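Just so you know, all these numbers are worked out from the coordinates, no wet-lab data involved. Since the model is a prediction, treat every value here as computed from it, not as a measurement. Cβ sites come from the backbone with ideal geometry, for glycine too, and all protein chains shown count toward neighbours.
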Amino acid sequence: MASASETSPDPAGDPPDAPTESALETALRQLRSAADHLDVDANIVERLKHPTKVEEVTVPVARDDGTVEVFTGYRAQHDSVRGPYKGGLRYHPDVTRDECVGLAMWMTWKCAVMDLPFGGAKGGVAVDPKALSRAEKERLTRRFTQELRTVIGPNQDIPAPDMGTDPQTMAWVMDAYSMQEGETIPGVVTGKPPVVGGSEGRAEAPGRSVALITRLACEQYDRHLDETTVAVQGYGSVGANAARLLDEWGATVVAVSDVNGAMYDPDGIETAAVPSHDEEPEAVTTDADRVISNDELLTLDVDVLIPAALGNVITKANAEAVAADIVVEGANGPITSTADSLLAARDVAVLPDILANAGGVTVSYFEWLQDINRRAWSLERVNDELEAEMEAAWRAVRAEFERRDVTWREAAYIVALSRIADAHDARGLWP
Ligand code: NAD
């Protein structure tokens, strides 16, 4: 099953190139950059530099061979001024406290730019999930849930899938939490399988939002989709869904890629016929007449480039060679801070991840609403409401973009910070 991350890094800053900038450094830099454009109370900015709480737990797990291994897990909760904390749980060896704090901050900005009634959180366990059997992963998840039980909940903090976790993991979280609480509480997590309260359209949502933002950006720059060429890096949950929708809406998708390279056809690829990562992993180039490298894909002379695989793929080294007029960030943080400045200097329109791939957390919000109301929505309703939310967020970001001399990224952060700061201002500080 596809992962369904809700997080988002990003850039906009000074040389030297900083592909290794940590999640926390990026989040703090973005906060400062947005605050510079706004008349925000410095005391509110000071509060936003710190998480509200970071829960650190140990998670003992009985391995299949009878030995016990103890892992470290975290849940960082950044800011809840606009509603319960929301964000993914990842299983990855590199999970650290600081990474969780930085990613939690990104979730605060992402939820705010989408105007969702949530704040930001992120958690995870420092573990290699590939080294665990299914039974071990289930035991780890249940014990981790128990350790976090006092800090999560449908009105408190709602986890979701992320790297190394999936809908099945969320079903185990829901079950463990519900068993302890003595009642079925589907709203404690999102990204669940639909059979236990997950939402239709959740897995496709980040790709759908990328396609919607691409379409809106093309309209903004007076480009008809049927005269627009697109290259997409990564053909997984985000990339394949975005590419197929844009193809369906009339765009010419000339290149799509996976880890092995890119299929390239200047006349247009029939995207439905190319297997996505979920359908058949790493098979994009299998039947391709013409294969190019991922590096070549990034510098193709297309109208729209959608990096939807990994972070930090557009760097100081290749930013000048990016020939697209519009770049839509499908992946989290695909552009380093220096590359972002270089693209901005050339007036390349970069639509930031916190807006473009926010379909995931938006449909998570719909899932939470469905769980609380005990009533499932149709796929059609999910997609219609997602489109409405994306258009509303687009209008808010575009208003700042047109009002100030800023990039799309800065405009998105300005929208997010204004909403959070206004909420803090209205609620005040408990003495
Ligand atoms: P996925 O695992 O479904 O697919 C990833 C794709 O990228 C695959 O086609 C894979 O072959 C390709 N890939 C891997 N390494 C590559 C490389 N070195 N060069 C080129 N292609 C490579 O992943 P996904 O869920 O589509 O996520 C992609 C990105 O989008 C990640 O940055 C993720 O954090 C972000 N994101 C995902 C979601 C979500 O809900 N799925 C939400 C927001 C952001």
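For the subset of region 114-169 comprising residues that are more than 16 Å from the ligand (Cβ to nearest atom) and among the small types (G, A, S), which member is nearest to N357 (Cα to Cα)? I'd like the intermediate steps shown before the answer.
The initial filter retains those residues of region 114-169 that are more than 16 Å from the ligand (Cβ to nearest atom), namely 115, 117, 119, 125-128, 131-157.
Restricting the remaining residues to those that are among the small types (G, A, S) gives 119, 126, 131, 133, 135, 153.
Values: G119: 17, A126: 25, A131: 29, S133: 31, A135: 32, G153: 25 Å.
Filtering region 114-169 for residues that are more than 16 Å from the ligand (Cβ to nearest atom) and among the small types (G, A, S), the one nearest to N357 (Cα to Cα) comes out as G119.
Do we have any residue at all in region 258-280 that's within 27 Å of G360 (Cα to Cα) and in contact with a His (Cβ under 8 Å, 6 or more places away or on another chain)?
yes
Table: residues versus (1) buried (at least 22 other Cβ atoms within 10 Å of the Cβ); (2) touching a residue at least 24 places away in the same chain (Cβ under 8 Å); (3) outside any helix (DSSP H, G or I).
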site	(1), (2), (3)
L246	yes, yes, no
G250	no, yes, yes
V256	yes, yes, yes
E280	no, no, yes
L305	yes, yes, yes
G311	no, yes, yes
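What is the one condition in (1) surrounded by fewer than 24 Cβ atoms within 10 Å (Cβ to Cβ); (2) in contact (Cβ under 8 Å) with a residue 60 or more places away in the chain; (3) assigned to a helix (DSSP H, G or I) that K110 does not satisfy?
The failed condition is (1).
Please specify each residue of region 43-94 satisfying the condition of being in a strand (DSSP E or B), of a type in the set (A, V, I, L, M) and out of contact with any Gly (no Cβ under 6 Å at 6 or more places or on another chain).
Listed by number, the residues that qualify are V54, V61, A62, V68, V70, A76.
Could you tell me which residue of region 314-339 is nearest to the chain's Cα centre (by Cα), considering only residues that are more than 16 Å from the ligand (Cβ to nearest atom) and under 18 Å from A217 (Cα atoms)?
Going through the qualifying residues, I end up with I326.
For region 286-300, which positions are part of a loop (DSSP other than H, G, I, E, B) and either in contact with a Lys or Arg (Cβ under 6 Å, 6 or more places away or on another chain) or not polar (S, T, N, Q) (or both)?
Within region 286-300, D287, A288, D289, R290, L300 qualify.
Consider region 113-147. How many of its residues are over 25 Å from L369 (Cα atoms) and surrounded by fewer than 24 Cβ atoms within 10 Å (Cβ to Cβ)?
15
Among (1) of a type in the set (D, E); (2) closer than 24 Å to D166 by Cβ; (3) part of a helix (DSSP H, G or I), which single condition is E219 missing?
All conditions pass for E219, except number (2).
Being over 18 Å from the mean Cα position of the chain (by Cα) and either closer than 30 Å to G197 by Cα or part of a helix (DSSP H, G or I) (or both) is the requirement here; does R419 meet it?
yes
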